[in-house]
Amino acid sequence: MGNLKIGVVGCGAIGREHINRLAHKLQNSEVVAVMDVFEEGAKRGAAMAGENCRIYTDVASIVNDSEVDAIVVTTPGFAHKEAVMAAVKAGKPVFCEKPLCTTAADCKEIVEAEIASGKHLVQVGFMRRYDRGYNQVKELLDGGSFGKPLVVKCTHRAISVDDSYSTEMAVTDTAIHEIDCLHWLLNDDWAKVQVITGANTKNAHEGLMDPQVMIMQSKTGVTVILEVYVNCKFGYDINCEVVCEEGVINLPCPSFPTVRKDCAISTAIEQNWILRFIDSYDVELQDWISSALKGEVNGPTAWDGYIAEVTADALVAAQKSGKMEEVSFGDTPAFYQK
Ligand code: NAD
Ligand code: ISE
């Protein structure tokens, strides 16, 4: 099998992580071009990719480069639509980091463009679907011996965020992972959502509501209680506990050695998403490469990106109203049915 020749759009934090794994770690993959609105950023990305990597500062040029077979989009969410639409119009496979777009209306345009193209081209970077622990939870749930899931309790905590992180981003950038992952774990869609805010941490910048408690109820009535707390100071703390009729399935942080010292017992907590999900990103992108070379999409689709964003829009509305908001979208189009 030949290599997939990839163009990476956006050379920031995760862009550089992905350039490194695509260029040096994964099979059948080559980064032949990079693009960033800041030329210095693009040069930094190209230096990681290796010799002969071409540098662009506009989307059209990298997407239409005849040497580029496929596109990886790692710009901030507000800029995803332009690059994904350009790739779909050029008929090139595109892996887009989450969220697919920051509004459901923009995601819908991508869904419609992909259906019109007649080819499956878009994969969304919901990497938790490739995480070993979440897959083990799914196997246990699908196995049936735990009975019906009833309640899910999650935490999504990070050490800190910068000043560009807004109250809405707690939904569109952070909770979007649980929105997608739990819908996939439970084989269920969301029906209604609510957001509760109250005591705010002194560590949040001006205007940021932190923490936020998000409640999501699925169509079959499973209730999710998700704490998003992005200035927790102590670590990147992702936990998920599924309470079922016949028992409880708990996915804690991956374990580290427990040490005894100075009259205390302690265990480390991961520092950030780069380390916590390092293997999931590798498996996710390797699957994307292998599928793209066969002209297929195996991972989360543009439709998954769309329904996640419909739910996110309802959560953002709930942040403002303080009320329970309905989530509604139509049936899965035949194009996306498996
Ligand atoms: P970042 O701000 O570190 O990097 C973004 C880069 O994109 C910057 O280099 C910026 O100059 C560039 N850029 C901005 N606008 C652009 C445009 N219109 N065209 C091209 N380049 C542009 O952001 P990040 O933390 O790397 O996040 C990027 C995306 O990845 C976001 O969608 C984020 O949600 C997602 N992300 C996903 C995960 C995950 O766990 N899956 C983790 C981190 C980030
Ligand atoms: C970041 O963009 C990610 O996607 C991380 O996985 C998430 O934990 C964090 O909250 C986001 O800001």
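The values are calculated or read from the model by the stated rules, or taken from the named source; none is laboratory data. Values in this document were obtained by computation on a predicted structure and should not be read as measured data. Don't worry about glycine lacking a Cβ; one is built from the backbone with ideal geometry, like all the others, and counts go over all protein chains shown. Protein only, heavy atoms only, side chains kept; ligands, DNA and RNA dropped before computing areas. Shrake-Rupley method; radii C 1.70, N 1.55, O 1.52, S 1.80 Å.
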| note | For region 158-230, shape from the Cα gyration tensor axes a ≥ b ≥ c, cut at a/c of 1.5 then a/b versus b/c, turns out prolate
| task | Starting from the Cα of K25, draw a straight line to each of the lysines and keep only those under 23 Å, dropping any in the same chain fewer than 8 residues away. | result | K5, K43, K92, K98, K294
| request: With a ≥ b ≥ c taken as the square roots of the eigenvalues of the C-alpha gyration tensor of region 156-299, please select rounded if a/c is under 1.5 and otherwise prolate if a/b is larger than b/c or oblate if it is not? | output: rounded
| message | Using Cα-Cα distances under 8 Å and only pairs 6 or more residues apart, what relative contact order does region 243-338 have, in percent? | response | 13
| field | Solvent-accessible area per residue for region 32-119 (1.4 angstrom probe, square angstrom) | value | 44
| Accessible surface of M1 - all protein chains present, 1.4 Å probe, nearest 10 Å² | 150
| said: What do you get for the angle between helix 176-186 and the principal long axis of the chain? Use alpha-carbon atoms, 0 to 90 degrees, nearest ten. | reply: 70
| field | Under 14 Å, Cβ to Cβ, from T220 - net charge with Lys/Arg +1 and Asp/Glu -1 | value | 0
| field | Straight-distance crosslink candidates among aspartates and glutamates, where the alpha carbon sits under 18 Å from K202 and sequence neighbours closer than 8 are dropped | value | D162, D163, D210, E227
| Given Cα pairs under 8 Å that are at least 6 residues apart, what percent is the relative contact order of the chain? | 19
| E139: accessible area at probe 1.4 Å, nearest 10 Å²? | 130
| message | How large a share of the accessible area of the chain, in percent, is made up of carbon and sulfur atoms when the probe is 1.4 Å and the other protein chains stay in place? | response | 50
| Gyration tensor verdict on region 103-216 (Cα atoms; rounded if a/c is under 1.5, prolate if a/b is larger than b/c, oblate otherwise) | oblate
| When the Kirkwood hydrodynamic radius is evaluated over all pairs of different C-alpha atoms of the chain, what value in angstrom, to one decimal, is obtained? | 20.8
| Low-density loop positions, chymotrypsin sites (Phe, Trp or Tyr not before Pro), region 256-302 - DSSP coil, at most 11 other Cβ in 10 Å | none
| Charge sum, other residues only, whose C-beta stays under 12 Å from D69's C-beta, Lys/Arg counted +1 and Asp/Glu -1 | -1
| task | As a check on your grasp of the helix formula, calculate [θ] at 222 nm for the chain: sum -39500 (n - 2.57) over DSSP H runs of n ≥ 4, divide by the residue count, round to the nearest 500. | result | -10500 deg cm²/dmol
| said: Within 10 Å of each candidate Cβ there may be at most 16 other Cβ atoms; applying that plus a DSSP loop requirement, which trypsin sites (Lys or Arg not before Pro) in region 1-35 survive? | reply: K25
| query | What GluC sites (Glu not before Pro) in region 193-253 are in a loop by DSSP, with at most 16 other Cβ atoms within 10 Å of the Cβ? | reply | E206, E245, E246
| message | So if I place +1 on the C-beta of Lys and Arg and -1 on the C-beta of Asp and Glu, and nothing else carries charge, what would the dipole magnitude of the chain be about its Cα centre? I want it in debye, nearest 20. | response | 500
